[in-house]
1. Looking at the structure I just gave you, is ASP111 at pLDDT 95 or above, part of a strand (DSSP E or B) and not β-branched (Val, Ile, Thr)?
2. Restricting to segment 64-76, name every residue that is surrounded by fewer than 10 Cβ atoms within 10 Å (Cβ to Cβ) and either touching a residue at least 24 places away in the same chain (Cβ under 8 Å) or closer than 26 Å to SER94 by Cα (or both).
3. Which is over 14 Å from the mean Cα position of the chain (by Cα) and farther than 15 Å from THR12 by Cα, of ASP66, ASP29?
4. Kindly indicate whether any position in segment 25-42 is out of contact with any strand residue (DSSP E or B) (no Cβ under 7 Å at 6 or more places or on another chain), at pLDDT 90 or above and either among the hydrophobic types (A, V, I, L, M, F, W, C) or surrounded by fewer than 16 Cβ atoms within 10 Å (Cβ to Cβ) (or both).
5. How many residues are in a loop (DSSP other than H, G, I, E, B) and either charged (D, E, K, R) or exposed (fewer than 15 other Cβ atoms within 10 Å of the Cβ) (or both) if we restrict to segment 77-91?
6. Out of (1) under 10 Å from the mean Cα position of the chain (by Cα); (2) part of a loop (DSSP other than H, G, I, E, B), what's the single condition that is false for SER41?
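The values are calculated or read from the model by the stated rules, or taken from the named source; none is laboratory data. Given the structure is predicted, the values throughout are model-derived calculations rather than measurements. Using ideal geometry, Cβ is built from the backbone for each residue, glycine included, and neighbour counts are taken over all protein chains shown.
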Amino acid sequence: MEYEPDYVTLSTDNIVVSACQGLIENDGDYCAYCLKIENNSDTPIQLLGKDLSLTDENGNSLIFTDHTFKGEILDLYPGEYFEFEDVMPVNTGSAVLYGTCRIIKANHLQDIKIPVLELFSNKNAPSVVFN
């Protein structure tokens, strides 16, 4: 049986951010996640980075700030999208991931919200492997 990930989506100013969980096989301490950022506006944007927060089921929080997407600052023209995959440490049964992507649109710096994504440990969710 093939598993299709469930995406949660949030749109801000015609910039759509979708997020889903994946799991790293045989590693219960980390969860993979995917972000898809779509420029549905009529203006080019530049993706600068992201600020993410992870809060586990015990209330412990971690903050991750990255001024790039794995070393890349990207230009997205109208109709283009970018997919990004990474991992987060999840040492409990579940955690919540949330935050923002920083962009430049029409020479203005903006923070675009990332939808809240629930992450489950390897024991609680089906396995999805991102390529």
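1. Yes; evaluated as a whole, the condition is true for this residue.
2. LYS70
3. It is ASP29.
4. Yes, segment 25-42 has at least one match.
5. 5
6. If we test SER41 against (1) under 10 Å from the mean Cα position of the chain (by Cα); (2) part of a loop (DSSP other than H, G, I, E, B), just (1) comes out false.
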